Amino acid sequence: MSVNPLFLKIASIVIYLSAFVSVCLFVNTQMVKYDYFIYLYGTSTAPGSKALVKVLSRDGELVSNPAVFVNGVRQHSPLIDLRPDMKEIKVLFGTTEAVFPLRYKDVAEYSFKPQKKLRPTRQEAEKAKRADLGEKKIFLLPENFRAVSEFETTVGLYCTENDKPCADTSVFLDGSQHELNSGFMRFTTVFGKDQGVNISFESGESGYVPIPYPGKMFKFYRTKDSLTLASLSDTRNVHIDCFNEGLWVGTDIVSVGYEGLVLPKVYTQCDTVQASMNSASPGTMTAVISTAKSLQGNIDDPYFAPLSKALPQFSPAAQRYFVTSYNASFFQPLSTIFSGEKLEKEFNAAREKELSLYRIMLIISSVLGFFLFAFIMFKNIKVIEDEDGEVISNSLAKQRAIAIGALAFYALFILGLLYFLNNLA
């Protein structure tokens, strides 16, 4: 059968060009990775609800201060409103742009569980041993519940005897005499490494009383017109949450140093403000300040529970101090209302579909190239004789063996190429 040589040349060019283009497209698509994940935090997915946008790199590093765009419109902060027309969230940080095809429907359909308030851990509760002085029980309650030793802290001291406020009119703290008003007083100190205070009474009872739940890193200071947060060291990505009557109002992510950061004035209108490194998973490195006038939960920790019996007999000022300070023991984590893993799965599925197309194109091109290569090789197999009739070419059997070997190498090369492409990192 005679085949036009020009047709063979054109077919060869088309087939091998298709294979080359398929390989290039496959490699380019395979190298595109899902490098950033978007997470939304909040307490509701209803339309109009607030959501905190956080973007993490694949290695888990939080993207600091990104510019957030919803449907192409820049937002004032990472705090956005959930709108039914939301189709896309884009973030810019430095020279990097990450676009997430996140629709409101994806958020609304995401199943999340509201998180419960966090309390002191069991390990902390076991360490919070109360030091009783004779029949007197002493309770130390820092204004933010947790006292960081290096910061100046106001502490409420409650003294009970036989489940009633102590009748003593004074108490000595580290040798200094202070007035005791119906079993209650407040003092200000820097605890230092010992994290406690020496307490004694004129009646002779004395002892060293440690603070029950030591704090870490953060400290709130409240003045008449402002609220300040300080940190033991310069710390980035600190989450500041605002709650009013149990409802989440919003969160800012800021940098805080030892000299303190004056928070926006809106935080003075929050009845509870929280500081942590992660609003959704804060651990024990937290600080809370509260002005809520009613208890946000039960007095059920083993250190303060015995005080609850005598608390109604203390002065109104002592009861108010206890409520606002004890409320600082409750930390309300935000819930994850959308996880970026869902978008990654969709991205990987779309990429795999595209890779399958290029893989099929490469396989088809390779198979056609194989048959074309085989046709050309076997078509050109022939025995050549010289003028004397002697054979100067390889025998037909040897030429066929060489052709079969070349085809086998071709097939192995294609299989190896496919294996390499499929396992390309």
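Amide H contacts of residue 118: 331, 332, each under 5 Å away and 5 or more positions distant or on a separate chain (H built 1.01 Å from N in the peptide plane; Pro and chain starts excluded). Each listed q (0.11, 0.12 Å⁻¹) maps to a log10 I(q)/I(0) for the chain, found by the Debye formula over equal Cα scatterers with no solvent: -0.91, -1.01. A simple rule links phi to the HN-Hα coupling: the Karplus curve 6.51 cos²θ - 1.76 cosθ + 1.60 with θ = phi - 60°, which for segment 207-215 gives x, 9, 10, x, 6, x, 10, x, x Hz, with x for Gly and Pro.
Over all distinct Cα pairs, what is the inverse of the mean 1/r for segment 173-220, reported as the Kirkwood hydrodynamic radius in Å?
Radius from the Kirkwood sum: 12.5 Å.
Toward the positive end of the charge dipole of segment 1-158, with +1 on the Cβ of Lys and Arg and -1 on the Cβ of Asp and Glu, the farthest Cα among 22, 108, 40 is that of 108.
For segment 265-275, putting each phi into the Karplus relation 6.51 cos²θ - 1.76 cosθ + 1.60 with θ = phi - 60° gives couplings of 4, 4, 6, 6, 9, 8, 7, 9, 10, 10, 10 Hz, in residue order, rounded to whole numbers and with x for Gly and Pro. Counting lysine pairs in segment 19-142 that sit 8 or more residues apart in sequence, or on different chains, and whose Cα atoms lie under 16 Å apart gives 4. Between amide H atoms placed 1.01 Å from N, distances below 5 Å from residue 260 occur with 231, all of them 5 or more places distant or on a separate chain. Across segment 184-198, computed HN-Hα scalar couplings (Karplus, 6.51 cos²θ - 1.76 cosθ + 1.60, θ = phi - 60°) run 9, 7, 10, 9, 10, 7, 10, 5, x, 5, 5, 6, x, 8, 7 Hz from first to last residue, x flagging Gly and Pro. Semi-axes of the equivalent ellipsoid of segment 1-86 are 52, 16, 10 Å, computed as sqrt(5λ) over the eigenvalues of the C-alpha gyration tensor in descending order. With contributions of -39500 (n - 2.57) from each DSSP H run of at least four residues, the per-residue ellipticity at 222 nm computed over the chain stands at -9500 deg cm²/dmol. Reported to the nearest whole Å, the Cα centre-to-centre distance from segment 233-275 to segment 297-343 is 18. The label point for residue 408 and the one for residue 126, both projected 7 Å from the Cα toward the Cβ, are 6.9 nm apart.
Distance between the 7 Å Cα→Cβ label points at residue 255 and residue 417: 5.1 nm. Computed over neighbours whose Cβ is under 13 Å from that of residue 311, the net charge equals +3, Lys and Arg +1, Asp and Glu -1. Near the amide H of residue 270, within less than 5 Å, lie no amide hydrogens of residues on another chain or at least 5 residues away, with H placed in the peptide plane.
For residue 9, the lysines whose Cα falls under 20 Å of its own Cα, not counting residues fewer than eight places away in the same chain, are 379. Within the chain, which complete DSSP H helices have Cα atoms spanning at least 24 Å along the helix axis and a mean Kyte-Doolittle hydropathy of 1.6 or higher? What comes out of the filter, once short or polar helices are dropped, is 5-31. Here is the list for segment 117-185: trypsin sites (Lys or Arg not before Pro) lying in DSSP coil, each with at most 14 other C-beta atoms within 10 angstrom of its C-beta, are 117, 129.
Using a 1.4 Å probe and counting only protein heavy atoms, arrange 76, 239 so the residue with the most accessible area comes first.
Working: 76 195, 239 0 Å².
Result of the area sort, largest leading: 76, 239.
Against the criterion of solvent-accessible heavy-atom surface with a 1.4 angstrom probe, 308, 255, 325 sort, most first, into 255, 308, 325. For the set 135, 354, 205, the ranking by accessible area, highest first and with no ligand, DNA or RNA atoms included, is 135, 354, 205 under a 1.4 Å probe.
Solvent-accessible area assigned to carbon and sulfur over the chain amounts to 56 percent, based on a 1.4 Å probe. Distance from the alpha carbon centroid of segment 146-222 to that of segment 31-47 works out to 46 angstrom.
The values are calculated or read from the model by the stated rules, or taken from the named source; none is laboratory data. This is a predicted model, so every value here is computed, not measured. Note that we place each Cβ from the backbone using ideal geometry, even for glycine, and neighbour counts take in every protein chain shown. Please note that ligands, DNA and RNA were not included when accessible areas were found on the heavy atoms of the full protein model with its side chains. Shrake-Rupley method; radii C 1.70, N 1.55, O 1.52, S 1.80 Å.
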